[in-house]
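K.L.:
Here it is, the structure, as structure tokens.
No lab work stands behind these numbers, since they all come straight from the coordinates. As the structure is a prediction and not an experimental result, all values here were calculated from the model. All Cβ positions, glycine included, derive from the backbone under ideal geometry; neighbour counts span all protein chains shown.
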Amino acid sequence: MRGYILQSIPILFGAGFVLVGLRHFQDPAWFEPIVPGILGMPRLWVYSSGLLEIILGLGIMTPKFRPEASILTAMMLVVLYWANLNMWVNDIPIGGSRLSTNGHIIRGLIQALMIWLALWIGDWLPSKR
């Protein structure tokens, strides 16, 4: 049973990225407000990050590509936190809602957990080696 659960984690984690990546194409306007203004062309960045999430999610789901996809996913999550930080610092609503300070802190903790999980899935953590 434990083996089945451990084998399911990369599939579920990767599928989550694929679904969120697809959402970038289904409703790009939802994501555009949090793209840092200095980057310009928010639609391009939304589509680019969505495509990257789809590719990396599929990579995590595929054992052959899992190590590379997981480290790249961790790096992507670090870079994409810039958008979350932009949302927090500039009090930008997303989907018509603003997060409280506690909401932003929880979001940051979830992002850190996802970075850890990506590294764990790819066997990049020293404790798992």
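K.L.:
Projected onto the charge dipole of the stretch 2-121 (+1 at Lys/Arg Cβ, -1 at Asp/Glu Cβ, origin at the Cα centre), which of Val78, Phe25, Phe13 gives the Cα projection farthest towards the positive end?
P.N.:
Most positive-ward Cα: Phe13.
K.L.:
Now for a different question. Please give the length that would be gained between Arg43 and Trp124 if that part of the chain were fully extended, namely 0.36 nm times their separation in residues minus their C-alpha to C-alpha distance (nm, one decimal).
P.N.:
25.9 nm
K.L.:
Helix 101-121 sits at what angle to the longest principal axis of the chain, using alpha carbons and giving 0 to 90 degrees rounded to 10?
P.N.:
30 degrees
K.L.:
Per 0.36 nm of contour for each residue apart, how much would the distance between Asp27 and Leu113 grow if the chain were fully extended, relative to their Cα-Cα spacing? All intermediate terms of the calculation are to be shown ahead of the outcome.
P.N.:
Numbers: separation 86, 0.36 × 86 = 30.96 nm, distance 2.58 nm.
Length difference between fully extended and current span is 28.4 nm.
K.L.:
Let me ask another. Just to verify a number: FRET efficiency for Thr101 and Tyr81, C-beta to C-beta distance, R0 = 22 Å, to 0.05? Write out the running numbers ahead of the final one.
P.N.:
On the way: r = 16 Å, r/R0 = 0.74.
Working from the Cβ atoms, E equals 0.85.
K.L.:
Would you mind working out the magnitude of the charge dipole of the stretch 2-121 relative to its Cα centre, with +1 at each Lys and Arg C-beta and -1 at each Asp and Glu C-beta, to the nearest 20 Debye? Numbers along the way, then the final one.
P.N.:
Numbers: 7 positive and 5 negative charges, 54 e Å.
The calculated dipole for the stretch 2-121 is roughly 260 debye.
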